[in-house]
1. Do we find that residue 412 is at pLDDT 80 or above and at negative phi in this structure?
2. Just to verify a result, which residue in segment 72-94, among those that are surrounded by fewer than 16 Cβ atoms within 10 Å (Cβ to Cβ) and within 23 Å of residue 43 (Cα to Cα), is modelled with the highest pLDDT?
3. I'm trying to understand the selection: among the residues of segment 188-219, which are closer than 17 Å to residue 243 by Cβ and not in a helix (DSSP H, G or I)?
4. Which residue is farthest from the chain's Cα centre (by Cα), if the candidates are limited to segment 46-67 and must be on the phi < 0 side of the Ramachandran plot, loosely packed, with under 15 Cβ neighbours inside 10 Å and part of a loop (DSSP other than H, G, I, E, B)?
5. Any chance segment 285-297 includes a residue that's part of a loop (DSSP other than H, G, I, E, B), more than 25 Å from residue 225 (Cα to Cα) and at pLDDT below 90?
6. Quick check: anything in segment 315-333 over 29 Å from residue 253 (Cα atoms), modelled with pLDDT of 90 or more and not in a helix (DSSP H, G or I)?
7. When you scan segment 263-281, how many residues do you find that are in contact with a helix residue (DSSP H, G or I) (Cβ under 8 Å, 6 or more places away or on another chain) and not in a helix (DSSP H, G or I)?
8. Return yes when residue 436 is within 29 Å of residue 375 (Cβ to Cβ), modelled with pLDDT of 75 or more and assigned to a helix (DSSP H, G or I) and no when it is not.
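The values are calculated or read from the model by the stated rules, or taken from the named source; none is laboratory data. Nothing here was measured: the structure is a model prediction, and the numbers come from that model. When we count neighbours, we look across all protein chains shown, and the Cβ atoms used for this are built from the backbone with ideal geometry, even at glycine.
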């Protein structure tokens with residue numbers, strides 16, 4: 001099925017093409033150029049446009065296939081400047097009459113359930129005169145809805161809705177429930193796209209249109225809550241979320257959004273009630289145990305927080321943030337060995353970062369493992385100086401590490417030697433990288449030099465050939481001519497081997 005849209009039907013394409021391309025075009029060429037199938041459709045549309053005076057149609061030579069046949073061309077009147085004001089009223093009346101004819105055709109097509117033809121007539125009416133465009137866009141949207149083109153229908157109705165808010169209510173009264181449901185889903189989907197883009201005002205307008213047509217969709221109410229949440233309208237967002245949960249109480253995702261809103265509003269009891277509801281619905285719901293543990297940790301309910309985070313790790317063993325939170329809780333409870341193990345697990349899952357390494361080093365120090373704490377300290381320091389491992393400052397790094405080492409373990413000389421060895425290895429690695437970069441740079445410079453020399457030799461050879469030609473023209477001695485040619489040949493021989 002070919003998609004129609006308000007203001008961009010096949011009639012528009014034909015008229016626009018003929019206006020942009022002066023000449024005469026047959027039906028076959030228009031069908032091929034504009035990709036309108038079947039060809040008979042072009043014949044019907046052009047006959048109709050000719051009747052309404054939008055284009056001219058008659059016998060002639062096609063500008064594309066150069067055959068003598070029935071052709072179409074744009075109407076380009078030549079009006080003198082003097083009678084222009086006199087003809088403007090007649091032209092306006094003519095446009096109104098043409099529009100009325102198109103609208104009558106469209107109404108007839110709509111009553112006969114010929115929706116594609118009705119859309120064409122509405123588009124012609126809109127093209128001939130843009131008065132009453134709100135009604136036309138609304139009717140095109142209704143016709144597209146009957147054709148099942150819900151996305152195009154929503155776009156057309158949006159144009160009418162921008163001018164007249166009552167268009168939505170009128171559409172609701174005229175369409176069946178199944179069509180209204182499909183249109184509502186399309187608007188709701190449009191709202192979801194706006195939410196992902198962060199365009200919350202546009203999203204709210206779309207979901208409101210959706211709810212006007214069908215107000216019993218919990219997903220749409222949830223999207224309205226997200227749009228209001230993005231605008232900072234927390235109480236209204238909470239009302240929309242509650243409406244969604246009234247329609248579908250067991251939606252854990254929506255309950256989690258509700259918990260977030262209660263968190264923002266600092267309503268702790270309601271927030272923890274949401275966590276309990278989610279756990280009752282689905283104990284394996286992603287991140288819910290982690291969320292609950294984090295909230296308990298911030299309130300210093302450490303034992304309960306530890307239980308929640310252990311459940312989060314049991315649900316998802318690869319949750320790096322849950323392991324880090326477990327380490328934080330264990331460290332606060334004085335369980336340093338548990339904290340070290342949790343941080344090590346997090347590092348094995350998600351890799352090292354400065355904050356994680358610092359936490360691990362701190363726990364190692366608390367447990368009395370000062371020597372082992374130097375390694376995460378050292379790695380953290382490298383990341384601070386050189387996050388991308390592109391450049392390192394060994395002198396500043398060494399001075400800080402040595403200072404910390406002497407403050408804690410001044411009698412452990414092998415620690416200093418180990419750190420110096422790590423620094424030396426890293427410097428050697430950087431020297432090798434620098435040497436490799438210098439070698440590549442020298443190779444590129446040598447290539448450039450050889451290319452330059454090659455071009456210079458070619459230039460000298462060309463000059464010698466020109467000189468030989470001048471010698472020949474000026475009839476110098478044969479010996480001089482031969483000597484110059486020999487020089488040129490030698491240059492070319494050196495150049496090309």
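1. When the stated conditions are applied, residue 412 does not pass them.
2. 75
3. 214, 215, 216, 217
4. 67
5. Residues of segment 285-297 part of a loop (DSSP other than H, G, I, E, B): 285-287.
Next, from what is left, pick out any that are more than 25 Å from residue 225 (Cα to Cα): none.
The answer is no; no qualifying residue exists.
6. yes
7. Applying the first criterion (in contact with a helix residue (DSSP H, G or I) (Cβ under 8 Å, 6 or more places away or on another chain)) to segment 263-281 yields 263-265, 268, 270-272, 274-275, 277-279, 281.
Filter once more, so that each one left must be not in a helix (DSSP H, G or I): 265.
Total satisfying the criteria: 1.
8. Working: within 29 Å of residue 375 (Cβ to Cβ): yes; modelled with pLDDT of 75 or more: yes; assigned to a helix (DSSP H, G or I): yes.
Criteria met by residue 436.
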